[in-house]
Amino acid sequence: MLRAALKGMAARKARLALTSIAIILGSAFIAAALVLTASIQATVDDLNAEAYAGADALVQPADAESRSEDLVQQGIPAEALAAVESTAGVDHVAATVSWAISAIGDNGKVVGGLAPTTAVNWGDEARERELREGRAPETDGEVAVSAKFAADSGLGLGETVTAYSQTTDQTEYAIVGVYGYAGGRDSISGGTEIAFTTAEAQRLVFDGEDAYSVLAVYAADGTGADDLVAALEPVIGAESQVTSWEDYNAEASAQTAKLTKTIGNFLLGFGLVAVFVSVFLIANTFSIVIAGRLKEIAMMRAIGAGRGQVVRSILAEALLLGTIAAAVGAAVGVAGGAGLTAAIANSFFDAAQVSVAVPPTAILAALAVGIGVTVLAALVPAVRASRVPPVEAMRAAAKTDRPITLLTVSGAIIALAGGGAMALGLTGNLGGDTADLTGTAVGAGLVFVGVTMLTAWLSKPLVGALGLIWSWNFAGKLGRRNAGRNPRRTAVTASALMIGVTLVTATATLLTSVKASIEDYFGEAVKAELFVTGPAVSEVPASFDPAVMDDIRAIDDVDAAVEVYYDIADIDGTDQYVNTTTDFGGIVDLFGGTLAEGDSDELADDEIAVNQSAADELGVGMGDIVTATFSRGTEAHEFTVAAILVDNENTDGWYVAPAYVEEFYTTKPMMALVDVADGADIDAVTAAVDDALADEPEVSAQNHEEFVGEVTVFFDFAIIAIQLLLGLAMIVAVIGVINTLILSVLERTRELGMLRAIGMTRGQTVRMVIVESVTIALFGAVLGVAVGLGLGWALQNALADSGVDVFAVPTTLIAGYLAAAVLVGLLAAIAPAARAAKTNILGAIAYE
Amino acid sequence: MPLSTPPAPQSLQHAPGPQHRRPAVTATGLWRAYGSGEAQVVALRDVSVAFAAGRFTAIMGPSGSGKSTLMHCLAGLDTTDRGTVDIGGTIITGMGDKALTKLRRDKIGFIFQQFNLLPTLTAEENILLPASIAGAKADPAWISQIIRTLDLQERLTHKPTELSGGQQQRVACARALATRPEVIFADEPTGNLDTRSSGEVLRFLRKSVDDFGQTIVMVTHDPSAAAYADRVVFLADGQIVRDLDRPTADAVIDTMRGFENRVPLAGEAA
């Protein structure tokens, strides 16, 4: 008896340790998220504080980000600089010109990829630069480059670099110097930088205007920062604003906080999924542990322990487990968060030093969540155990499963209610788009919860059906029966996997449907075969010299080629997407647009065209007048609405005559559409177009598939991110399946002994456990795929009006999820199968 | 008693008596000890015994006499320290796990006191279990004959939980017989049954010996169960102390009572 008790305890220890891994994961992610957020914030704050160090006040353009996407770059006029310099209390002023430009490396590609190169004027005092080689640029044809730029571009001292901005043509510059930054760093935050003369920097950034990005103002002795700001405010003019250096830094810090919060929320999301899935696992483990101790509990009850005492003793165990696991999780999370910060800081920020901040909230939140979840999850099994009458538990009789009727009925009701809400929402019967969409989403959530509750009921037929895969083999048949033996336990075990698979399948289905819808549209409606465009994921939008359009039009088999310019303009006080092109009719035609009102004649300089919903948004119609100011424009223009387009994602937006291109932020086209003659060799034309684009490193000719791929590249990132979530849920699922299987093997020791005695081999025993494991895992995955597909379908239908009119199943991904489930099953089976194979026949069949 | 001491010669009267038929199972000079040093317990001391084919033998003895160990060693479930076991002409002592498993599957049938049936399988599937494990097809005529004899026709599709204890044990008997094994080992097969069910099971075991020529070795501590056997072998302190042919329940009880008064046996044997 003593040996059996010790054995049981050891087994339980292993099981508790496994369970604690789930708690540790959840707590660790939460702690890591909070530590990472705080540490990156601290590190970036330190970096930011280096900027304009020593200055007392900063003058910046007023309303620097008046329109979305940061596109607008306004300068501080030279008069303001003169006024500041002559203000009392000012010692000196350092004027900075700084903005993103494009520079071409020795491989012919644009340097920097996602992070653009920054143009600055040598001699500003924004950063402490240290010349390493050569000298400072002295003429407009000379530049000094940062060490990071030299490394990334492959260009060095004595060579020439080609650079251009949104408004200038490609220009060659001689590299006369290479510099680093204080602390021996090659870059600040990993960015590449080129320093020009002030005049050349102004030509690139402000289209030649004598303007500046920032004025760093140093106070004379005896003048405080606040006094300085107060003195400057009246003299800088309406287009500029002044802040103290401290306020500037606080603002920069707030900007960083936005970014770090996004990263932190992402990790927090992971933590929450881990925690959610853990609840099932922990509840299951406690049910199992308690089931094994029913006799002990009954004995305690018989000698006078109250129900409350039983509950309390179990909760105390949960509390202990939760505390230990959450503490370990918090420690792991803090260490992980610090390590991650160092990795991120070194690879992305090139920070001189990494500041690790451990906010008390990180540890408190990790502990609270870990302990809270464990205790909550143990509560249900604890209360259940306390309700067992002492006599019943003392009987040696086999434990009969509690009926699952209540669970099934409530699950069915919830799922049906959810289905109803979804149906109403999808058919637009809830009144109003928002209500319909909300109804559909809430319905989808309810269906999810309902199906989770129905898993126990579903497990019987589904596990049986899945198990048929193995029925050619007797050990497989036994394994299949075993998997279906305890529906409740199988269901809880499979739920962990189901939740993860449902999430990823629903997301992947929706995104695949969106992609398919776009592809479908391109295949049917878009007349242009080729697109000249750059990567969607670059900070500086790709642009090219419009002169190449003539070369493209000259290519044989090119029927038409139209370039498009974009800008974000202020129209009647709102930010609006504006296009212009030399061929308005052509662009509408090639992109598959249709006109609701008006015609596709060339737009006159005082005419504007717009799609229906944008017109509705501003409440304008044909013949109405709107006022528009473009990014670089200094005055508003009046336009008459001359045509209205049917809504269509590709042609949505406003259209004006090409006369206004000079007032656009980017004065060069960003995209061109090429119509290839029917029957022509598209590959040959693509090659010819690419030849014409040889000197335009940012853009290339793309066919439909490539273009849609570019447009939808964010979906791929989203799918990868969501897949990581699945990975996490899978780790927890493996633990859950191991837990359940080890228990099953322990419970069936005598049965296993009998089977081995009458001639079952070790190999067959192993196979039996593996099949049970894989069947449970597949059950979870199949349910998840089914629910995920259903939810994905519902979401697609809800969004059908927005153009997602094709339902596409991500078959490869789903096959991957099922394969992953099999892998989960196999991994989880290793230890339990080994244990089952080692069953001591004599020990198993001997009686006490 | 340390194992290094040479075994005392077994007195002839306990040696296997002359057999009319070939032995199905033969044990020769079996020794089995558990633990070591001071704590060593010798479960079998130089046991030699043969079980004739087509006969029903009961092994009896008080608790701790070694009767279960003897059965486990005979059935290849436990290893021996010394001596050999021969089943149907094959020496099984020293065989590896794989070979032993195959031997148990093909040549031995088991009936245990409890945990005899797989709860996930129906009665019929349980009967066919050894054949299924072997991946072989059972002889349908033979199986239906057993099922009829055991009166299980109406119960074939039932799960074990839907059967009474007696019915369960009859299913276990059918399973043991299904592969026509060389020998069936029954370990207290009636230990958990009421008198009526016990009678049914024992009568069937008797019948399978008489009608089908099955060899059965049964461990029991119930004298009335032993009375169904052709022969009773009595064990005490790891040695065979009496061998009774054609026993009656009264004779068994007398014998048992006999060596309850004859303590200590081990000293006598040494």
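The values are calculated or read from the model by the stated rules, or taken from the named source; none is laboratory data. Just so it is clear, the model here is predicted, and its values are computed rather than measured. Positions of Cβ are generated from backbone atoms using ideal geometry, with glycine treated the same way; all protein chains shown enter the neighbour counts.
Things worth noting here:
- Qualifying residue in region B:45-58 (condition: within 14 Å of another protein chain (Cβ to nearest Cβ) and surrounded by fewer than 24 Cβ atoms within 10 Å (Cβ to Cβ)): no
The rows are residues; the columns are (1) part of a helix (DSSP H, G or I); (2) out of contact with any His (no Cβ under 9 Å at 6 or more places or on another chain); (3) in contact (Cβ under 8 Å) with a residue 40 or more places away in the chain; (4) of a type in the set (Val, Ile, Thr).
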| site | (1), (2), (3), (4) |
| --- | --- |
| A:Val277 | yes, yes, yes, yes |
| A:Ser287 | yes, yes, yes, no |
| A:Met300 | yes, yes, no, no |
| A:Gly308 | yes, yes, yes, no |
| A:Ala318 | yes, yes, yes, no |
| A:Gly322 | yes, yes, yes, no |
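- Flag for A:Gly500 being more than 30 Å from A:Ile587 (Cβ to Cβ), part of a loop (DSSP other than H, G, I, E, B) and under 32 Å from the mean Cα position of the chain (by Cα): no
- Residue within region A:800-807 that is at positive phi, surrounded by fewer than 24 Cβ atoms within 10 Å (Cβ to Cβ) and touching a helix residue (DSSP H, G or I) at 6+ places or on another chain (Cβ under 8 Å) present: yes
- Which numbered condition A:Val532 misses (of (1) surrounded by 24 or more Cβ atoms within 10 Å (Cβ to Cβ); (2) outside any strand (DSSP E or B)): (2)
- Residues that are closer than 21 Å to A:Ser240 by Cβ, buried (at least 20 other Cβ atoms within 10 Å of the Cβ) and small (Gly, Ala, Ser), drawn from region A:191-212: A:Ala201, A:Ala211
- Candidates A:Val532, A:Val492 - the one that is within 30 Å of A:Met768 (Cα to Cα), away from every other protein chain (no Cβ under 14 Å) and among the aliphatic types (A, V, I, L, M): A:Val492
- Any hit, region A:643-661, residues being out of contact with any helix residue (DSSP H, G or I) (no Cβ under 9 Å at 6 or more places or on another chain) and of a type in the set (S, T, N, Q): no
- For A:Val84, the requirement of being at pLDDT 85 or above and within 24 Å of A:Glu193 (Cα to Cα) is not met.
- Residues of region B:178-202 satisfying the condition of being over 21 Å from B:His72 (Cβ atoms) and under 14 Å from the mean Cα position of the chain (by Cα): B:Leu202
- For region B:121-138, filtered to residues that are part of a loop (DSSP other than H, G, I, E, B) and without any contact (Cβ under 8 Å) to a residue 24 or more places away in the chain, the residue that is nearest to the other protein chains (Cβ to nearest Cβ) is B:Gly135.
- Some residue of region A:727-737 being surrounded by fewer than 23 Cβ atoms within 10 Å (Cβ to Cβ), farther than 26 Å from A:Ala291 by Cβ and more than 14 Å from every other protein chain (Cβ to nearest Cβ): yes
- Test for A:Glu747: is it within 14 Å of chain B (Cβ to nearest Cβ), in contact (Cβ under 8 Å) with a residue 60 or more places away in the chain and acidic (Asp, Glu): no
- Residue pairs meeting the criteria (Cβ under 7 Å; at least 6 apart or on separate chains; first more than 30 Å from A:Val804 (Cβ to Cβ), in region A:626-650; second of a type in the set (A, V, I, L, M) and in a loop (DSSP other than H, G, I, E, B)): A:Val626/A:Val620; A:Thr627/A:Ala636; A:Ala628/A:Ala636; A:Thr629/A:Ala636; A:Ser631/A:Leu71; A:Ser631/A:Val72; A:Ala642/A:Leu603
- Taking region A:83-136 as the range and being part of a loop (DSSP other than H, G, I, E, B), basic (Lys, Arg) and buried (at least 18 other Cβ atoms within 10 Å of the Cβ) as the test, only A:Arg127 passes.
Yes or no, residue by residue, for (1) surrounded by 14 or more Cβ atoms within 10 Å (Cβ to Cβ); (2) part of a helix (DSSP H, G or I); (3) at pLDDT 70 or above:
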{"position": "A:Glu392", "(1), (2), (3)": "no, yes, no"}
{"position": "A:Ala398", "(1), (2), (3)": "no, no, no"}
{"position": "A:Asp401", "(1), (2), (3)": "no, no, no"}
{"position": "A:Leu416", "(1), (2), (3)": "no, yes, yes"}
{"position": "A:Gly420", "(1), (2), (3)": "yes, yes, yes"}
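- Residue match in region B:154-168 (condition: of a type in the set (A, V, I, L, M, F, W, C) and away from chain A (no Cβ under 14 Å)): yes
So that you can scan it fast, the table gives a plain yes or no per residue for (1) crowded, with 19+ Cβ neighbours inside 10 Å; (2) touching a His at 6+ places or on another chain (Cβ under 7 Å); (3) over 24 Å from B:Val209 (Cβ atoms); (4) within 14 Å of chain A (Cβ to nearest Cβ):
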site: B:Ala27; (1), (2), (3), (4): yes, no, no, no
site: B:Gln40; (1), (2), (3), (4): no, no, yes, no
site: B:Gly61; (1), (2), (3), (4): yes, no, no, no
site: B:Ser68; (1), (2), (3), (4): yes, no, no, yes
site: B:Cys73; (1), (2), (3), (4): yes, no, no, yes
site: B:Arg82; (1), (2), (3), (4): no, no, yes, no
site: B:Ile87; (1), (2), (3), (4): yes, no, no, yes
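- A:Asp520 passes every criterion in (1) assigned to a helix (DSSP H, G or I); (2) within 34 Å of the chain's Cα centre (by Cα); (3) farther than 21 Å from A:Ala729 by Cα; (4) not assigned by TED's automatic domain parsing to the domain that holds A:Val774 apart from (4).
- The residues in region B:74-117 that are assigned to a loop (DSSP other than H, G, I, E, B), farther than 15 Å from B:Gly29 by Cβ and of a type in the set (Gly, Ala, Ser) can be counted, and the count is 5.
- Selection within region B:97-120 - under 19 Å from B:Gly165 (Cα atoms), within 7 Å of chain A (Cβ to nearest Cβ) and over 19 Å from the mean Cα position of the chain (by Cα): B:Leu118, B:Thr120
- Put simply, of A:Gly573, A:Gly586, A:Gly534 the only residue that is on the phi < 0 side of the Ramachandran plot and in the same structural domain as A:Glu649 (by TED's automatic domain parsing) is A:Gly586.
- Lone qualifier among A:Thr651, A:Thr640, A:Thr712 - being buried (at least 17 other Cβ atoms within 10 Å of the Cβ), farther than 15 Å from A:Val562 by Cα and not charged (D, E, K, R): A:Thr712
- Every residue from region A:283-296 that is at pLDDT 75 or above and over 22 Å from A:Ala17 (Cα atoms): none
- Filter pass, A:Asp683 being among the charged types (D, E, K, R), modelled with pLDDT under 85 and out of contact with any Gly (no Cβ under 8 Å at 6 or more places or on another chain): no
- The set of residues in region A:755-795 that are small (Gly, Ala, Ser), over 27 Å from the mean Cα position of the chain (by Cα) and more than 14 Å from every other protein chain (Cβ to nearest Cβ) comprises A:Ser773, A:Ala777.
- Some residue of region B:145-153 being surrounded by 15 or more Cβ atoms within 10 Å (Cβ to Cβ), modelled with pLDDT under 90, within 9 Å of chain A (Cβ to nearest Cβ) and over 21 Å from the mean Cα position of the chain (by Cα): no
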